[in-house]
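Notes to accompany the following structure.
Nothing in this text is a laboratory measurement; each read-out follows from the coordinates by a stated rule. For clarity, every value in this text was computed on a predicted model and none was experimentally measured. With ideal geometry, Cβ positions are generated from the backbone for all residues, glycine too; neighbour counts draw on all protein chains shown.
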Amino acid sequence: NEESKIIVVEIDYGNARPSRTVETPWVKNRTVLEVLQTVATVETDPVGQYVFVISIDGVKGKRGEMAWYYTVDGKSPGELAYAKVLDGTERVKWAYKKDVCSWKVDGKSKPPEEGSGQK
């Protein structure tokens, strides 16, 4: 029954604060980003044609260092949260972890070398 269906949203803040899990009603055609916005304070940043989640509940990503990533029912869907419509989803997990994508958006041919840069 679609009317009683819920989505479990888990937010893993890394070392910044304890994780939390929230249940929210499933709503037809709602995106991952819209669901997140119903359970947390979210900041986004438009970059070209994309919209990235840069902060959840005040825990802000650092470009090239830490970023927010999500999975749907344990799998990475390969699309950004503002575009991913939840269809039959039961669980969305957001995790604050090492930024492995900014270099692609920045048009670099490969990720920065580990240990490169200033010491």
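Note down the Stokes-Einstein diffusion coefficient of region 1-44 in µm²/s, whole number, using a Kirkwood radius over alpha carbon pairs, 20 °C, and 1.002 mPa s. Don't skip to the end; give the middle numbers.
Values: Rh = 11.6 Å.
Rounded, D is 185 µm²/s.
Measure up K28/K60; K28/K93; K28/K62; K5/K60; K5/K98 against 21 Å on the Cα-Cα distance and list the ones that go over. Write down the numbers at each step before the final one.
Working: K28/K60 29 Å; K28/K93 19 Å; K28/K62 33 Å; K5/K60 31 Å; K5/K98 33 Å.
Violating the 21 Å limit, Cα to Cα: K28/K60; K28/K62; K5/K60; K5/K98.
Between S4 and R17, the contour length at 0.36 nm per residue exceeds the Cα-Cα span by 1.6 nm.
Ranked by the mean number of other Cβ atoms within 10 Å of their residues, highest first, the peptides 71-82, 87-98 come out as 87-98, 71-82.
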